[in-house]
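Heads up: the structure comes next, in structure tokens.
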Amino acid sequence: RVLITGALGQIGTELVMKMRGIYGADNVIATDIRKRDDAVVLGGTFEILDVTDKKAYFEVARKYRVDTIIHLAALLSATAETKPILAWDLNMGGLLNALEVAKELECKFFTPSSIGVFGPTTPKNNTPQDTIQRPTTMYGVNKVSGELLCDYYFHKYGLDTRGLRFPGLISSVALPGGGTTDYAVEIYYEAIENAKFSSYIAQGTYMDMMYMPDALDAIINLMEADATKLVHRNSFNVTAMSFEPNEIASEIRQHIPKFKMEYNVDPVKQAIAESWPDSIDATVAKEEWGFKIAYDLKEMTEDMLLKLGGKLKQVGS
Ligand code: VAH
């Protein structure tokens, strides 16, 4: 049985549905700090869980006798910058509880890392798997610490911990909350609703991105990979594409010709974005467990507009 925390978040919402389809609805226990009347809650077992409550975390894991923990509950980069102490308590306190529960119940373990582990002194282009990690954000500090903590639980206790350094993730199902890359999700909604978007990330600012279907496949493929082949275990660089705001705008214009892009840069999010790489190298993930992607910017844009078009009222294209 799989326990997923942060199940109502951007990754969790789709991962719960995908895993229930593969492993059976009763074998995927969705948890989050709040309830929401939708398929994640109604389509299988759901429990309210505050991951900073260690006792509650143990109780839920024991109650369902889980053998795998997917720990997603966290504050993302922009929110973490406005609430750094809360971010530390949730991102690190929650992760430590998750690892302790996984150790006690001998669970396989996954938690996401991020390109946020890199900072201004990291090589910006084709950032290698093994390189300098001196992030300048609380989120980045949390993610580097998280990678090291997961490695520690593997080396010291033999816990089967695994993780991926995700780029910005783009989903047609659930909006992200409080990220720096979220502009690349919001732009599709605005394009359909208003045929225009005001970007808070400046033109020319490159960031790695990935369509959610590829991210979900990466999690499942990594979790099912042969453990003996995993060297970088907790922190594989993975990416599908790298683009700057004007490039995604141009791709959208292939479908909505009158789409207009404006810029109103948010200094906090812009500073975070500029501290991250322009593009990272995912060769090691391909070598150690066969990482691959199906969607580039063109294919993602087609699919996003198709999926969202069905959900939102169309603006005359
Ligand atoms: C964020 N979407 O913006 C997340 C992710 C690489 C970006 O970590 O914080």
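The values are calculated or read from the model by the stated rules, or taken from the named source; none is laboratory data. Only a predicted model underlies this, so the values are computations on that prediction, with no experimental measurement involved. Here Cβ is always computed from backbone atoms with ideal geometry, including for glycine, and neighbour counts include all displayed protein chains. For accessibility, only protein heavy atoms count, side chains too; no ligands or nucleic acids. Shrake-Rupley method; radii C 1.70, N 1.55, O 1.52, S 1.80 Å.
Name the single residue that is nearest to residue 78 (Cα to Cα) among those in region 259-280 being within 12 Å of the ligand (Cβ to nearest atom) and small (Gly, Ala, Ser).
Residue satisfying both the conditions and the ranking: 273.
Looking at this structure, is residue 135 touching a Lys or Arg at 6+ places or on another chain (Cβ under 8 Å), assigned to a loop (DSSP other than H, G, I, E, B), touching a residue at least 40 places away in the same chain (Cβ under 8 Å) and surrounded by 21 or more Cβ atoms within 10 Å (Cβ to Cβ)?
Here the answer is yes, as residue 135 does meet what is asked.
Select, from 106, 81, 59, 47, the only residue that is closer than 25 Å to residue 165 by Cα, away from the ligand (no atom under 16 Å from the Cβ) and more than 16 Å from the chain's Cα centre (by Cα).
Numbers: 81 fails: away from the ligand (no atom under 16 Å from the Cβ); 59 fails: closer than 25 Å to residue 165 by Cα; 47 fails: closer than 25 Å to residue 165 by Cα.
The conditions single out 106.
Please work out which one of (1) farther than 23 Å from residue 214 by Cα; (2) open to solvent by 30 Å² or more (accessible area, probe 1.4 Å); (3) touching a strand residue (DSSP E or B) at 6+ places or on another chain (Cβ under 7 Å) is the condition residue 23 fails and give its number.
So residue 23 meets the others, but not (1).
Are any residues in region 260-316 part of a loop (DSSP other than H, G, I, E, B), on the phi < 0 side of the Ramachandran plot and touching a helix residue (DSSP H, G or I) at 6+ places or on another chain (Cβ under 9 Å), and if so, which ones? Quick ask: steps written out before the conclusion?
In the first step, residues of region 260-316 are kept if they are part of a loop (DSSP other than H, G, I, E, B); the result is 264-266, 276-279, 281-282, 290-296, 312-316.
Applying the additional criterion that residues be on the phi < 0 side of the Ramachandran plot yields 264-266, 276-279, 281-282, 291-296, 312-316.
Of everything in region 260-316, those that are part of a loop (DSSP other than H, G, I, E, B), on the phi < 0 side of the Ramachandran plot and touching a helix residue (DSSP H, G or I) at 6+ places or on another chain (Cβ under 9 Å) turn out to be 266, 276, 277, 291, 292, 293, 294, 295, 312, 313, 314, 315.
Considering only region 170-194, state which residues are out of contact with any Leu (no Cβ under 9 Å at 6 or more places or on another chain) and either open to solvent by 10 Å² or more (accessible area, probe 1.4 Å) or in a strand (DSSP E or B) (or both).
170, 173, 175, 190, 194
Given the conditions (1) in a loop (DSSP other than H, G, I, E, B); (2) buried (at least 20 other Cβ atoms within 10 Å of the Cβ), report the number of the one that residue 255 does not fulfil.
Going through (1) in a loop (DSSP other than H, G, I, E, B); (2) buried (at least 20 other Cβ atoms within 10 Å of the Cβ) one by one, residue 255 breaks only (2).
Here's the yes/no breakdown for (1) in a helix (DSSP H, G or I); (2) in contact with a Ser or Thr (Cβ under 6 Å, 6 or more places away or on another chain):
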residue: 16; (1), (2): yes, no
residue: 30; (1), (2): no, no
residue: 41; (1), (2): yes, no
residue: 51; (1), (2): no, yes
residue: 57; (1), (2): yes, no
residue: 62; (1), (2): yes, no
residue: 66; (1), (2): no, no
residue: 70; (1), (2): no, no
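So, in region 141-169, exactly how many residues are open to solvent by less than 20 Å² (accessible area, probe 1.4 Å), within 16 Å of the ligand (Cβ to nearest atom) and of a type outside the set (A, V, I, L, M, F, W, C)?
Residues that pass the stated criteria total 7.
Would you point out which residue out of 159, 149 is modelled with pLDDT of 95 or more, part of a loop (DSSP other than H, G, I, E, B) and farther than 18 Å from residue 248 by Cα?
Values: 149 fails: part of a loop (DSSP other than H, G, I, E, B).
From the options 159, 149, the qualifying one is 159.
Can you confirm whether residue 121 is under 30 Å from residue 206 (Cβ atoms), within 16 Å of the ligand (Cβ to nearest atom), of a type in the set (Ser, Thr, Tyr) and open to solvent by 20 Å² or more (accessible area, probe 1.4 Å)?
On the way: under 30 Å from residue 206 (Cβ atoms): yes; within 16 Å of the ligand (Cβ to nearest atom): no; of a type in the set (Ser, Thr, Tyr): yes; open to solvent by 20 Å² or more (accessible area, probe 1.4 Å): yes.
In short, no.
When you scan region 202-223, do you find a residue that is free of Cβ contacts under 8 Å to residues at least 24 places away in the same chain and either under 20 Å from the mean Cα position of the chain (by Cα) or surrounded by fewer than 19 Cβ atoms within 10 Å (Cβ to Cβ) (or both), even just one?
Initially, region 202-223 is screened for residues free of Cβ contacts under 8 Å to residues at least 24 places away in the same chain, giving none.
No, region 202-223 has no match at all.
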